[in-house]
Amino acid sequence: MFVEVAFPIPIRQEFTYSVPSQLQKEVKIGVQVLAPLGKKTLAGVVTGLLPKSNITTRSILEVNPFGPLLSSRLLELTRWVANYYFCSWGEAIKAALPQGIRLKPQLWVEPIPGLDWSTKDLSQMERELLAFLQSKSRPKLKVSALSGKFKGKEILKVLQQLETKKLVELSYSAQTPLPRARTEQVVRVIETGDPVNLNGKEIEIWNFLKSADWLAVKDLKKTFPKPERLLKKLQSQGLVELEEREVSFDFWQTYPLPEKRNLELSLPQKQVISKIELSLKCRAFSPFLLQGVTGSGKTEIYIRCCEQILQQSRAALILVPEISLTIQTILNFKRVFRDQVVQLHSGLSESQRLNIWRKIKAGQFPIVIGVRSAIFAPLENVGLIIVDEEHDNSYKQSDLAPRYNARDLALVRAKLEKAVVILGSATPSLESYSNALKGKYTLLTLRERVQGKPLPQVEIVDLKAERKAGNYGYLSTKLRQEIEKEVNNKQQVILFLNRRGFSNLIKCQECGYVPICRNCNLTLTYHMQGHWLRCHFCGYQKKAPGACPACNSLKFSYKGAGTQRIESEIKQSFGEDSIRRLDSDLSAKRNYVRNLLLDFQARKFPILLGTQMVTKGYDFPEVTLVGVISADISLELPDFRASEKVFQLLTQVAGRSGRGEKSGQVLIQTYHPLESAIQLASQQDYESFFKKEIALRRELKYPPFCHLIMLLVSGVSLGKVQEQSERLKELLKKIPQKDVFTILGPAPAPLEKVRR
């Protein structure tokens with residue numbers, strides 16, 4: 001028996017291995033195996049079974065006892081990813097699996113017994129190693145343990161020399177990362193019990209337990225410090241029962257969820273649902289683009305469609321662009337589906353993610369909500385895939401292979417699963433809207449907010465006029481007045497600035513020195529907390545200088561504003577407790593985003609300031625004012641999609657205002673008040689923006705009228721990079737079908753020097 005194995009390495013081929021007889025029953029397509037590859041031993045996944053092989057093969061070493069990790073459909077999906085995004089199948093499979101499930105090869109060493117090596121020609125290091133091995137009662141040791149004993153020495157190289165001299169034997173085995181569930185002891189009262197012969201403390205704890213269902217013993221200890229003896233007495237009299245239960249990682253089990261309620265659907269919502277339901281009943285691939293203005297009730301449509309899917313005993317997958325957005329989404333879905341919903345994202349610990357993945361695979365959760373990586377969730381019999389805020393750039397993975405777009409994978413997976421896919425957005429990407437107009441997707445529209453609520457009133461504030469009037473602050477007179485009014489009226493405010501930090505430029509006023517990242521040709525951003533200078537691209541940071549390193553001057557100017565500076569200005573005007581900040585500097589803190597958003601929803605503070613994270617699909621009914629500090633930042637980017645992104649950001653953040661009983665207001669500050677993207681966003685006029693932008697794309701032959709492929713050449717020497725770029729261009733010119741594509745460049749990257 002032979003197998004084809006895909007490894008997570010950047011080589012686009014699979015490798016053939018023989019299967020030892022003792023492992024043949026365990027080997028199936030989709031299982032993970034440990035196998036030698038070159039001088040290494042790696043974990044890979046079986047992608048094919050072969051009855052024979054015409055080449056000389058090596059044998060697989062071990063099989064992960066968990067069984068097939070990927071279904072046939074997920075294997076097919078990862079194969080598509082590998083072909084389309086030009087990576088190896090193994091790299092695509094790696095992206096689909098939780099890190100904790102992977103076999104980890106463990107190298108062992110054992111001296112050959114009975115050999116006399118005292119007269120052999122050995123180095124001092126070789127003798128020390130052999131003596132150490134033979135001194136152990138169990139001479140077979142992990143090589144990693146030896147590395148700790150002989151620090152700074154080339155252990156592996158020396159061991160390989162000893163193996164060549166036939167003095168030791170090296171072998172691999174695998175650390176099998178089977179997911180182990182954490183358990184805890186729980187207790188509850190047996191209703192039929194009769195509390196006789198109990199003393200005061202025993203009666204007290206019994207009465208306490210009667211007021212609850214199952215209760216964790218560790219939680220009981222908060223009221224009764226040492227309950228074990230008391231519980232044992234109650235158990236012996238048949239008054240309580242104790243058992244071990246798996247610890248849930250679901251935060252929402254302890255969170256007071258909103259009660260189930262049947263919301264009255266609007267006529268447009270009913271019409272949209274009826275069209276989708278027809279496709280759900282057909283059990284065939286059907287793509288929909290749901291374009292609905294902010295606050296039009298798209299989430300309720302998602303929920304009603306999920307209800308239909310569960311009635312068919314099928315599963316649903318809901319993708320959202322940010323971890324923080326799963327908070328409100330999961331609350332909305334938990335309200336209806338309770339324990340049938342689980343969230344899956346990279347913010348979970350490895351053990352949490354592995355246990356949730358195991359339960360999804362076992363069919364315990366028919367509804368999964370997650371960010372882009374959740375597109376690979378091991379759901380069986382998927383009937384519905386929803387991509388909320390489908391335009392969002394967060395669905396793209398751009399740092400590691402495979403560099404995929406989860407929105408596009410949702411369409412591919414839905415086709416494989418014969419499922420319905422809904423792409424939802426108030427501001428669809430031009431590509432998706434164009435596909436809908438061409439008939440590739442069914443276009444559904446919601447043009448009004450639910451319950452007849454009006455869209456917020458949007459006003460553009462010209463910052464040039466503010467400067468002429470003598471206001472050089474970051475808040476215009478109008479915005480400052482409106483913030484004060486809403487705070488005094490006990491309403492809430494969201495402020496948006498797409499730049500974190502305190503100041504984006506620190507400059508010496510004497511000699512003009514500007515701190516530059518040592519790894520990148522980028523200025524360092526000043527962060528007031530801790531007085532750090534940070535590079536927002538590579539992560540390098542250093543303390544801000546007290547004096548200029550070039551001329552020793554103490555005069556520094558801090559130009560430009562980030563979220564920290566705006567936060568400081570708001571605190572000075574409205575008090576320390578008036579504002580909280582949400583940006584990526586803080587979002588990495590465990591549970592910070594979740595707790596902050598829940599506090600804002602509970603009205604514990606009036607002003608929320610943030611970067612793009614606050615533009616997402618949040619629903620805070622008490623927010624009646626949204627202020628955009630600067631609408632110009634994204635317009636300055638060297639990106640043909642810059643106008644589209646500005647329009648989407650402004651429309652989305654404006655949609656956070658006026659979603660409750662009171663009408664909303666939006667103030668957009670800009671130095672370019674006549675810019676069409678800003679003007680049309682203020683009017684929330686998507687169709688006009690689409691017509692204007694698509695005409696420009698057609699003229700320039702940009703997507704959706706072509707496919708763009710970026711070939712990135714990088715290296716430590718600028719001259720060599722330029723030379724190889726020209727060589728690559730000449731190679732491309734020799735492709736026979738060169739008439740089907742146009743070569744642009746080579747040209748310097750927007751960030752020419754990064755991560756030295």
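Quick notes
- Within the stretch 232-255, restricting attention to residues that are among the hydroxyl-bearing types (Ser, Thr, Tyr) and modelled with pLDDT under 80, the residue that is nearest to Val342 (Cα to Cα) is Ser248.
- Helices (runs of 4 or more DSSP H) completely within the stretch 676-756 that count 2 or more residues being loosely packed, with under 15 Cβ neighbours inside 10 Å: 686-700, 718-733
- Listed by first and then second residue, the pairs with beta-carbon distance under 7 Å, at least 6 apart or on different chains, first residue in the stretch 74-100 and closer than 14 Å to Gln13 by Cα and in contact (Cβ under 8 Å) with a residue 40 or more places away in the chain, second of a type in the set (S, T, N, Q) and surrounded by 23 or more Cβ atoms within 10 Å (Cβ to Cβ), are Trp89/Thr78; Ala92/Thr78; Ile93/Thr78.
- Counting only residues that are within 21 Å of the chain's Cα centre (by Cα), assigned to a helix (DSSP H, G or I) and not β-branched (Val, Ile, Thr), the stretch 98-131 holds 2 of them.
- Residues being closer than 15 Å to Ser71 by Cβ and at pLDDT 95 or above - total across the stretch 351-379: 6
- Within the stretch 424-445, tally of residues that are among the small types (Gly, Ala, Ser) and over 19 Å from Gly295 (Cα atoms): 4
- Being within 25 Å of Thr563 (Cβ to Cβ), aliphatic (A, V, I, L, M) and part of a strand (DSSP E or B) is a description that does not apply to Ile483.
- Exclusive hit being buried (at least 22 other Cβ atoms within 10 Å of the Cβ), touching a residue at least 24 places away in the same chain (Cβ under 8 Å) and within 18 Å of Ala414 (Cα to Cα), set Ile330, Ile356, Ile318: Ile318
- Answer residue from the stretch 140-198, given it is modelled with pLDDT of 80 or more and in a helix (DSSP H, G or I) and is surrounded by the most Cβ atoms within 10 Å (Cβ to Cβ) among those: Leu162
- For Val646, the conditions (1) closer than 24 Å to Asn471 by Cα; (2) in contact with a Leu (Cβ under 6 Å, 6 or more places away or on another chain) all hold with the exception of (1).
The values are calculated or read from the model by the stated rules, or taken from the named source; none is laboratory data. Remember, predicted model here, so these are calculated numbers, not experimental data. Every residue, glycine among them, receives a Cβ derived from its backbone with ideal geometry; neighbour counts consider all protein chains shown.
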